[in-house]
Structure formats: C-alpha cells, structure tokens
Amino acid sequence: MKFAFSAEMEIFRDEVRAFIREKLSPETRRRVEEGRRLDKADYVQWYRALHAKGWITPGWPKEHGGTGWTALQRYIFEEEVALGAAPPVTAGINMIGPVLIAFGTEEQKRKYLPAMRQGDLWWAQGFSEPGSGSDLASLATRAVLDGDAYVVNGTKIWQTQAHYAEMMFALVRTKPDVKPQEGISMMLIDMKSPGLSIHHIKTIDGGQELYQCFFDNVRVPVANLVGEDGKGWSYAKFLLGFERHGIAGIGLAKRQLNRLKRLAASETSDGRPLIEKPRFRDRIATLEIELLALEYTSIRLLQEGEGKGPGVESSLLKIKGTELRQEIFEMLSEVVGPYIIPYDNDVVRSGWGHDEPVGPDYAATLASNYLDSRKISIYGGANEIQRNVLAKSILGL
Amino acid sequence: MDFILNEEQAILKGSVARFSADLRAAMDKKTVTAADRWGRYADMGLLGLPFDEDFGGFGGGGVETMIVAEEMGRHLLADPYVPVVVVAGRLLADHCSEEQKAYLLPRVADGSLIVVPAFGEPKSRYSLSRVATTAVPSKDGFVLDGRKAVVLSGAAANLLLVTARLSGEVGDEDGIGVFLVPGDLPGVTRRPVLTVDGREAAEIVLDGVRVDKTAALGTLGRGGAIARRAEEFGVAALAGEAVGAMSAVFDMTVEYLQTRRQFGVPIGKFQALQHRVVDMRVALELARSIAAGAAIAADLDNAQERRRIISAAKVQVCRSGRYIGQQAIQLHGAMGMTDEYGAGRYFKRLLVLSSLYGDADHHLERFVSASQYDEGGALVA
Ligand SMILES: Cc1cc2nc3c(=O)[nH]c(=O)nc-3n(C[C@H](O)[C@H](O)[C@H](O)COP(=O)(O)OP(=O)(O)OC[C@H]3O[C@@H](n4cnc5c(N)ncnc54)[C@H](O)[C@@H]3O)c2cc1C
Ligand SMILES: Cc1cc2nc3c(=O)[nH]c(=O)nc-3n(C[C@H](O)[C@H](O)[C@H](O)COP(=O)(O)OP(=O)(O)OC[C@H]3O[C@@H](n4cnc5c(N)ncnc54)[C@H](O)[C@@H]3O)c2cc1C
C-alpha cells in the first residue's frame with residue numbers, strides 16, 4: 001500500500017489536465033462550471049477535440065479506437081474530465097458502441113463506429129416506456145417482422161437528448177409468447193423514420209432534454225437488428241454493466257464541493273464569510289470527509305477488481321456517489337440564503353447578459369441545479385433497485 | 001398543551017379548505033387573475049384575520065393563521081397571504097397610530113391595499129439588523145436610501161414596510177426604523193423577478209425617497225425588534241403552510257404507490273418503499289405538531305420561550321420538508337422530475353418556504369441562543 005499514485009500516473013494526470021485546459025472551449029467550461037445548460041455545439045466542439053487526440057473512446061478495444069489504458073488510467077481520465085468541467089460523453093459511446101463491437105455485424109460496425117469516434121453520430125437510448133421503468137423486461141413496444149423490415153409500434157419515454165439524436169438503440173418485443181426477457185430484441189432505429197415522432201417533456205428544473213418517442217408503424221430494416229432476435233435483454237445487461245469506472249462521480253462531486261466552498265467564502269453571514277461559520281463549515285467538512293472515503297473506496301475497488309468485469313460494487317458506488325452529490329447540491333441551494341428564491345429560466349440558460357444580476361450572479365443557476373440533481377438517484381437504475389441488487393449479493397439470495 | 005381545535009376553529013378550517021380547493025380549481029382553469037383571487041380572500045374575511053372587528057377583522061391569533069396557511073399550502077395557492085396579512089398586517093396592527101390604523105387596516109382587510117415587508121437586503125442574508133439602508137431625518141420627515149432584496153410581491157404592493165438605519169453601524173440591533181413607503185413614490189425603483197415557485201418578488205432600490213414623519217412606525221430606533229416580532233408571526237405561518245404542502249405531496253405519493261405498477265404489483269408492495277413512506281409520515285407528523293406548537297407560541301408574551309419554539313419549528317419543518325419533498329420525487333421515479341406532474345411544484349414551494357424568513361441553520365442558531373443550558377448541560381430556559 002502506498003499513499004500516492006505512481007509517478008507515471010501523475011504524469012498521465014498532468015497530460016490529461018493540460019489537454020483539457022488547452023482544448024476545451026473556455027465558453028463551454030464556463031457554462032459547465034456555472035451550472036448552465038449546454039447546447040449541442042458545446043458537446044460537438046469537445047468531442048472533436050477528443051477525437052483529434054484519439055481519446056474519445058477510451059473504453060473500446062484498441063483495434064476499434066480504444067486507448068488501451070489501464071482501469072486506473074481511465075479512472076483518472078474521467079475524474080480529470082469532470083474536474084475540468086468538460087461535457088460528459090453521451091450514451092452512444094459508452095453504451096451502444098461496446099455492444100456493436102461485441103455483437104454487431106461488420107456492416108453495422110463500418111457504418112456507425114467511425115462516425116461515433118468522430119463525435120458526429122448521436123444516439124438516443126430507447127429503453128424505458130410509460131409502463132416499464134424499473135421493470136424494464138415488461139416492455140411492450142412491439143416489432144413484427146414483415147419482409148425485409150420490422151414494423152414497430154408503441155412508445156418509449158424519458159429519452160435524453162432525443163432531439164439531437166440521429167439514431168436510437170431500442171429494446172422492442174419481437175416475440176410475445178415467451179418469457180418476457182427472451183422476447184426482447186435490440187434494434188437501431190433511424191430517428192428520421194416515417195412514423196416516428198418525438199415530444200418534449202419539460203422537467204422541474206426548467207430543462208429541455210427529455211422526450212417521449214412514439215412509433216406508428218415505423219419500418220426498421222432487418223439489417224438494423226443487433227445480434228440475434230430475442231437476445232436483446234442480454235445485450236442490454238452487457239451494456240448497462242459496461243465499464244463503470246467513473247460511476248461514483250468523484251470528479252463531479254469534487255467540482256461541486258469546490259464550488260460550494262468558493263461560494264461560501266464569497267457569501268457573508270453576520271458580516272463574516274459564511275465559510276467561517278462553524279455550523280456551515282462543519283457541514284461542508286463532513287461532506288468532504290465522506291467524499292474522501294468514497295474516493296478511496298472507488299480506487300480500492302477498482303484496483304482489487306482489475307482484470308475482472310464490473311461487479312456489484314458498481315451499485316454501491318452509484319448509491320453513495322449520487323446521494324453524496326445530492327447533499328452537496330442541497331447545500332449549494334442554501335449557500336446564497338434568500339437569493340435561491342428568484343428564478344429565471346432564460347438566465348439559467350444564457351446568463352444575465354447586459355442585465356444587472358439579481359443577487360450574486362452565481363445564484364441564478366443554483367435552484368435549477370438542485371432540482372436537476374434529484375434525477376441522479378432515479379436514472380441509470382434507481383437507487384432502490386441498486387440496493388435490491390446489492391442486498392441480493394450480500395445476502396446470497 | 002392542547003392541540004385540539006375549538007368549534008370555531010374547526011369551522012374555519014372547513015370553510016378555508018373549501019375556499020382553497022375552489023381557488024385552486026379556478027387557478028388550474030386559468031379563469032382568475034391575481035386581483036380576482038385577492039378579492040376572494042377579502043370576501044371570505046381572511047385578509048383581516050389578525051385585526052380587531054372595528055377594523056374589519058376577526059381578531060384571529062396564531063392558530064387561526066396556521067389553519068389558513070396550511071390550507072393554502074395544501075392547495076399550493078400562490079398569493080402573498082403570509083407577507084401581507086401575517087407579517088405586514090401584524091406589524092401595522094401593533095405599531096400604527098390609531099389614525100393610521102383607522103385608515104390602513106380596513107383597506108388591507110378589504111383587499112384594496114397590499115402592504116408587504118421589505119426587510120431583507122442584498123447582503124443581510126437572514127439577519128434583520130444588518131440594515132444598510134439609511135434614513136436621514138429631514139425638515140418634515142426622512143430621506144431613505146438603499147436596497148431591499150427578494151421582497152415577495154414587492155412589485156404588486158401598494159405599500160412597503162421598509163427597515164432603514166437612523167444611527168449606528170450595519171449589524172447594530174438599535175438605530176433602525178420601520179417606514180411605511182408607498183411603492184410609487186419618486187425614487188422607488190422596483191424590479192420584479194420570478195421565483196422558483198412561480199410567484200413574484202422584487203429587488204427594490206430606494207434613491208433619495210422622501211417620506212413624512214408619520215411614515216415612521218413604532219418606537220423609533222427599535223425597528224429591528226419590531227420587524228423580528230412581525231417576522232416571528234410569519235415564520236409560524238410558513239410552518240403551517242409547509243405542513244399543508246408536505247401533507248399534499250405525501251398523499252400524492254401514497255396514491256402513486258398504490259396505483260403505479262412494476263413487476264406485476266403496485267410498487268407500494270415493496271417493503272423498501274413501505275418503510276420510506278412510513279419515515280415520510282413520521283417526518284410529517286413531527287412537522288405538523290411543532291408547527292401547531294409554533295402557532296400557539298406565536299401569541300406568547302414570553303419572548304424567549306416564543307422564540308425558542310418558533311425557531312425550533314422552522315428547523316424541524318425545513319428538515320421534514322426537504323426529506324418529504326425529495327422522497328416524493330424519488331418514489332415517483334422519472335415522473336417526479338416532470339414539470340407537469342404536481343410533485344415537483346410542491347417540492348419547489350417547500351424549497352422557497354425553507355429559504356424564507358430564515359433557513360434551518362439560521363433558526364438553529366436562534367434556538368441555541370434562546371435556550372440557556374446550565375453547567376450540567378440541562379436546559380434552564
Ligand atoms: C433525467 C432522466 C433521464 C433519463 N434518460 C433515459 C434515456 O435516455 N433512455 C431511457 O430509456 N430511459 C431514461 N430514463 C428513465 C430511467 O431509466 C427510469 O426513470 C428508471 O429506470 C426508473 O423507472 P421509472 O421512472 O418508471 O420509475 P418506476 O420504476 O416506476 O419506480 C418508481 C419508484 O419505485 C421504486 N421501485 C420500483 N421497483 C422497485 C422494487 N422492486 N423495489 C423497491 N423499489 C422499487 C423506484 O426505485 C422508484 O423510486 C431517464 C430518467 C430520468 C429521470
Ligand atoms: C430488552 C427486551 C425486553 C423484552 N421483553 C419481553 C417480554 O417481557 N416479554 C416477551 O414476550 N418478549 C419480550 N421481548 C422480546 C421481543 O418482543 C422480541 O425481541 C421482538 O418481538 C422481536 O422478536 P425477535 O427478537 O425474535 O426478533 P426477530 O423477530 O427474529 O427479528 C429479527 C430482526 O428482523 C426484523 N424483522 C422480522 N420480521 C420482519 C419483517 N417481516 N419485515 C422486516 N423486518 C423484519 C426485526 O425487526 C428484527 O430487526 C423483549 C426483548 C428485548 C430486547
């Protein structure tokens with residue numbers, strides 16, 4: 001056991017840090033740091049830069065454009081990307097990419113992987129349905145074979161950034177009369193297909209990123225089936241369990257904790273910096289200690305598991321990581337006192353512009369960020385489900 | 001202690017519950033303007049709640065206030081009842097001259113005058129003594145200069161109750177006055193902003209605003225204490241409003257657990273969720289009881305005891321409100337994150353209520369300073 005990372009790892013960290021400092025648009029960085037919403041252009045600029053450096057798909061096998069990094073390197077990379085306030089990598093690269101590499105046809109690989117590596121091809125994740133959230137296997141969107149195409153009918157809901165997406169990877173039911181899991185197939189659906197429409201769902205933070213998608217006799221070429229008919233469930237499990245080195249979100253938590261400290265130093269209470277108030281300071285310190293413990297846990301589990309696939313530990317890291325981040329966002333909602341109350345959705349998006357800020361300028365996004373933070377314990381497998389998974393494993397049930 | 005409503009209070013509760021539900025329904029149909037709504041409160045006699053009958057009121061106390069506030073919270077009414085009737089109303093009733101009362105109180109009660117407290121400032125956080133706005137005596141009155149922050153309904157109000165410093169330093173308890181300032185006086189600039197729960201607040205600049213001598217209310221120089229006393233009534237009322245909001249979002253969650261099906265059963269069948277709603281219910285019951293305690297305490301003359309209980313209530317209500325709001329969203333899954341579904345609206349109202357008139361940390365501090373502990377650690381308050 002050693003306290004520091006090896007010298008090579010520190011050199012690697014410096015290299016990642018320098019790259020982000022140099023190549024991430026300062027405007028995008030500022031928007032991420034201030035908790036503003038991003039436009040597609042923010043992502044595209046960053047993905048192009050990652051592509052040019054060869055770092056856009058670190059988790060892919062080397063022959064498909066992966067970096068060949070160790071698990072620890074990937075962890076460091078993800079932490080630095082989060083700390084450096086870069087946009088997150090989208091569902092396509094981390095989810096469907098590895099599935100296509102493992103199970104896709106040669107044609108599918110040729111068609112999609114290069115475009116994804118260039119950061120040009122956007123995917124929506126078409127899993128959830130109104131009646132099927134945690135119980136995904138109950139999904140009801142039907143696909144019926146008709147000549148050279150499947151005809152898809154039904155609806156998907158909660159698709160993040162469906163308005164940016166050119167393609168969707170979807171789970172659909174191709175066989176109705178077998179065990180639920182065995183009747184599911186995965187297919188790649190062109191978002192411009194006739195009969196496919198998307199409807200925006202506004203969220204409590206004022207965000208514009210969620211959609212419901214409706215399928216009315218949408219024809220999906222058989223060539224767009226992933227792997228075998230009826231094997232969609234196992235591909236989905238493969239995809240959801242894939243490479244979750246950064247799942248605890250340590251870098252994200254650190255950045256928000258730093259923000260909290262910065263704001264608490266700039267706010268005053270009874271004429272003193274808020275951060276000097278023992279009551280407030282100790283609450284921050286308590287979160288910081290938990291974060292440190294979680295960071296060590298993340299790294300330890302990663303090292304102990306090197307070479308093995310991701311285990312149930314990822315549930316543990318997801319639960320604690322999301323709940324800790326939510327606590328930090330909750331404190332961020334307290335840091336400006338009554339200035340958490342004013343709220344202007346346009347300002348959350350674009351800043352104050354030429355207007356004089358209402359209260360401190362950094363106050364404008366805090367309520368929105370707090371509201372938005374409630375989603376992280378719901379999506380990607382709700383924390384109750386993660387606890388069920390972990391309980392089964394601990395108890396050997 | 002007696003937590004049981006008397007007969008009149010029970011009747012009030014019933015009629016305010018109907019009133020609030022009707023108003024909510026009208027709001028949902030978008031058939032009422034803010035002015036219509038305020039008129040309905042006046043017709044119900046609710047705007048004169050704290051005033052004597054002579055002034056168009058019915059002499060209600062803390063408990064009556066809580067009853068009204070709770071129903072408003074339950075139905076998510078958006079009107080400035082607490083700032084206008086409870087905080088400003090109490091302050092006017094307690095500190096105006098007889099002549100001023102005769103003019104002002106009936107007009108507040110009939111809805112024709114909207115008066116709001118404007119105590120907070122950009123740098124005051126929750127302190128009522130960190131007043132940097134100045135009041136300089138002039139030949140026939142005072143000249144006010146400064147800024148007031150996050151004044152709920154500050155743009156809609158006809159009159160502002162402004163705290164301003166006559167002497168001493170920012171943070172001094174003494175040397176503050178409370179001034180009645182018409183919102184349309186020259187030198188008053190009001191910038192309306194939306195609030196996270198869909199209401200209006202204003203940032204107010206006072207630039208050489210001239211008011212006459214009668215604008216100064218109560219004992220000159222004791223404005224900090226005057227404002228604080230009025231705000232205590234407001235804190236007690238907000239506790240009631242928050243309990244109403246919590247109980248509504250709790251009921252929604254229970255209903256959702258009974259109807260939302262996953263894995264072939266209502267999700268309420270899962271023990272993890274059953275225990276969660278039980279914990280929410282415990283949090284709700286604690287908040288409800290201590291809010292009732294604060295409602296009773298609001299009328300106490302013993303300032304220290306009053307302050308202890310009211311601050312205790314704000315702390316507990318903030319905690320319970322955060323927990324219940326967060327869990328309500330969580331148990332609704334992605335549906336809870338949508339703007340259209342009601343849980344989020346309650347969540348936002350609870351966020352505002354917890355951040356108004358002092359947050360949990362602020363009231364924890366007040367509670368500690370109002371509670372004296374002897375050397376053995378026992379409470380002697
Ligand atoms: C911001 C956001 C983005 C999303 N993006 C996408 C996307 O791009 N693509 C996509 O397909 N989906 C997406 N989702 C959907 C997400 O995957 C689902 O919200 C999630 O799977 C939970 O399903 P649900 O919302 O239907 O909740 P439900 O499954 O109805 O759950 C409701 C509550 O019950 C609990 N619960 C359910 N079953 C059990 C059980 N057995 N034991 C204990 N508790 C239980 C849940 O934990 C939750 O608290 C997104 C969701 C959000 C909030
Ligand atoms: C100090 C003390 C004094 C007592 N005095 C008396 C006495 O005077 N007379 C008498 O008759 N008994 C007495 N008891 C016994 C007491 O009533 C039992 O301990 C109690 O009923 C729990 O039973 P158990 O200890 O067998 O635990 P178990 O029933 O075996 O429970 C073990 C754990 O599992 C949990 N659990 C069990 N079932 C469920 C479920 N369905 N869902 C979720 N969790 C569950 C329990 O909550 C507990 O945490 C006493 C116990 C103590 C500790």
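Brief remarks follow.
- Checked against the criterion of being surrounded by fewer than 22 Cβ atoms within 10 Å (Cβ to Cβ), more than 11 Å from chain B (Cβ to nearest Cβ) and more than 23 Å from the chain's Cα centre (by Cα), the candidates A:GLU295, A:GLU306, A:GLU276 yield just one match: A:GLU276.
- Residues within the stretch A:93-133 that are within 14 Å of another protein chain (Cβ to nearest Cβ) and either away from ligand 1 (no atom under 16 Å from the Cβ) or acidic (Asp, Glu) (or both), tallied: 1
- When residues in the stretch B:338-365 are screened for being touching a strand residue (DSSP E or B) at 6+ places or on another chain (Cβ under 7 Å) and either among the β-branched types (Val, Ile, Thr) or over 30 Å from B:ALA149 (Cβ atoms) (or both), 2 of them pass.
- Members of the stretch A:83-101 that are over 17 Å from A:LEU171 (Cα atoms) and over 13 Å from the mean Cα position of the chain (by Cα): A:LEU83, A:GLY84, A:ALA85, A:ILE101
- Subset of the stretch A:80-92 (residues that are within 15 Å of ligand 1 (Cβ to nearest atom) and in a helix (DSSP H, G or I)): A:ALA91, A:GLY92
- Counting residues in the stretch A:352-366 that are closer than 30 Å to A:SER128 by Cβ and modelled with pLDDT of 95 or more gives one or more.
- Candidate set from the stretch B:299-329 (those that are in contact with a Lys or Arg (Cβ under 7 Å, 6 or more places away or on another chain) and not hydrophobic (A, V, I, L, M, F, W, C)); member that is nearest to ligand 1 (Cβ to nearest atom): B:GLN327
- Set B:LEU128, B:LEU159, B:LEU194: member being farther than 27 Å from B:LYS101 by Cβ, outside the structural domain of B:GLY73 (by TED's automatic domain parsing) and in contact with a strand residue (DSSP E or B) (Cβ under 9 Å, 6 or more places away or on another chain): B:LEU194
- Test for A:ASP148: is it acidic (Asp, Glu), surrounded by 15 or more Cβ atoms within 10 Å (Cβ to Cβ) and in contact with a strand residue (DSSP E or B) (Cβ under 7 Å, 6 or more places away or on another chain): no
- Residue ID - farthest from A:GLY97 (Cα to Cα), chosen from residues in the stretch A:221-242 that are over 27 Å from the mean Cα position of the chain (by Cα) and among the aliphatic types (A, V, I, L, M): A:VAL222
- Annotation note: of A:THR322, A:THR365, the sole residue that is more than 16 Å from ligand 1 (Cβ to nearest atom) and of a type in the set (Ser, Thr, Tyr) is A:THR365.
- Candidates A:ALA162, A:ALA143, A:ALA170, A:ALA137, filtered to the one that is small (Gly, Ala, Ser), at pLDDT 95 or above, closer than 27 Å to B:TYR341 by Cβ and part of a strand (DSSP E or B): A:ALA170
- Options B:TYR341, B:TYR346, B:TYR357; residue that is at pLDDT below 95 and either within 16 Å of ligand 1 (Cβ to nearest atom) or not basic (Lys, Arg) (or both): B:TYR341
- Residue, nearest to the other protein chains (Cβ to nearest Cβ), within the stretch A:309-336, restricted to residues that are over 26 Å from A:ALA367 (Cα atoms) and assigned to a loop (DSSP other than H, G, I, E, B): A:VAL312
Rundown of residues vs (1) part of a helix (DSSP H, G or I); (2) within 11 Å of chain B (Cβ to nearest Cβ), yes/no style:
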residue	(1), (2)
A:PRO338	yes, yes
A:ASP346	yes, yes
A:TYR362	yes, no
A:ALA367	yes, yes
A:TYR370	yes, yes
A:GLY380	no, no
A:LEU390	yes, no
A:SER393	yes, no
A:LEU397	no, no
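- Annotation note: of B:ARG147, B:ARG125, B:ARG130, the sole residue that is without any contact (Cβ under 8 Å) to a residue 60 or more places away in the chain and part of a loop (DSSP other than H, G, I, E, B) is B:ARG130.
- Matching residues, the stretch A:157-182, being more than 9 Å from ligand 1 (Cβ to nearest atom) and either farther than 22 Å from A:ILE101 by Cβ or not assigned by TED's automatic domain parsing to the domain that holds A:ILE198 (or both): A:HIS163, A:TYR164, A:ARG173, A:THR174, A:LYS175, A:PRO176, A:ASP177, A:VAL178, A:LYS179, A:PRO180, A:GLN181, A:GLU182
The values are calculated or read from the model by the stated rules, or taken from the named source; none is laboratory data. Keep in mind the model is a prediction, meaning the values are calculated, not measured. Cβ sites come from the backbone with ideal geometry, for glycine too, and all protein chains shown count toward neighbours.
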